[in-house]
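Below: the structure, in structure tokens.
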Amino acid sequence: MDKVIDINYLELFMGYALMIIPVYILWYYKTGLVKDTIVAITRMTIQLLLVGVYLEYIFKIDSTLVNISWVLIMSLIGTYTIIQRSGMNYKLFIIPVLLSGIISIAVTDAYFLGVVIKLDNIFNARYFIPITGMLLGNTIRSVIISLNAYYKRIDEEQNLYRWHLANGANKKEALLPFMREALRIAFNPTIASTAIMGLITLPGMMTGQILGGSNPNVAVKYQIMLMITIFSSSIITVVLTILFSNRIAFDKYRNLRKDIFKEKR
């Protein structure tokens, strides 16, 4: 098998030159996203470099307590990112978002690592940490989109929501159209990309496995299960986040609270 080609730090630094193009486009069209993009790339770089150092040692230690602690830290970071990017009130949404993510991870990890792969210890660092990280990373986008689509549409179309209530619908029934639309908006792109996965491109994880020397057939089987697990985890997290947050997002008269948003609307 061919030796994996390493990327030294000078070559890695040169790779950042490619960011000049998207940053210039964002600046030229005055999107206001240049600073956010630079901050995001910087954070991503620091986090991944730290992860690389961490994983080198954590795989050797392979402590269940340490592995779970690391996943909880990743969950907190993911929760903060979701709330910040969706424009929701951090104090109100931290518990619903964090709890939903932890429940989803617990269910999907237990099934994938315990039932499908049949690990003796599902907290094995080499499997538990990278797979959980991939679940979190792919779930964040769906939750951000769904929260935006759900609560901002209710805020903009409160007459429709109240019309359902006035016609005898309970709160759950009145919110059903908004939930349905949020799920469509969040998962239509995911379903479309899943349907053609592998026909036009190799998924990131699969590419990494092949470049790392794995057999393509093994990489394909892992990628199939990862896509199924990611999709399931995303759906579970989105639905639980909305259901849990519904308990704090409305007042006792079933009106949407204005303070759920980061800024008063």
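The values are calculated or read from the model by the stated rules, or taken from the named source; none is laboratory data. Keep in mind the model is a prediction, meaning the values are calculated, not measured. Glycine also receives a Cβ, built like all others from the backbone with ideal geometry; neighbour counts cover every protein chain displayed.
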For region 121-156, the count of residues that are surrounded by fewer than 14 Cβ atoms within 10 Å (Cβ to Cβ) and either farther than 18 Å from Ile105 by Cα or basic (Lys, Arg) (or both) equals 2
Worksheet item: Does Phe178 qualify as being in contact with a helix residue (DSSP H, G or I) (Cβ under 7 Å, 6 or more places away or on another chain), surrounded by fewer than 21 Cβ atoms within 10 Å (Cβ to Cβ) and not in a helix (DSSP H, G or I)?
Response: no
Taking region 102-125 and keeping only residues that are polar (S, T, N, Q) and more than 18 Å from Asp62 (Cα to Cα), one is left with Ser104, Thr108
Filtering region 60-71 for residues that are out of contact with any Ser or Thr (no Cβ under 6 Å at 6 or more places or on another chain), surrounded by 13 or more Cβ atoms within 10 Å (Cβ to Cβ) and assigned to a helix (DSSP H, G or I) leaves a count of 5
Residue set Ser245, Ser232; condition assigned by TED's automatic domain parsing to the domain that holds Leu98 and either farther than 20 Å from Asn170 by Cβ or surrounded by fewer than 19 Cβ atoms within 10 Å (Cβ to Cβ) (or both); output residue Ser232
From the option list Val23, Val39, Val51, single residue qualifying as surrounded by fewer than 11 Cβ atoms within 10 Å (Cβ to Cβ) and either at pLDDT 90 or above or among the β-branched types (Val, Ile, Thr) (or both) is Val39
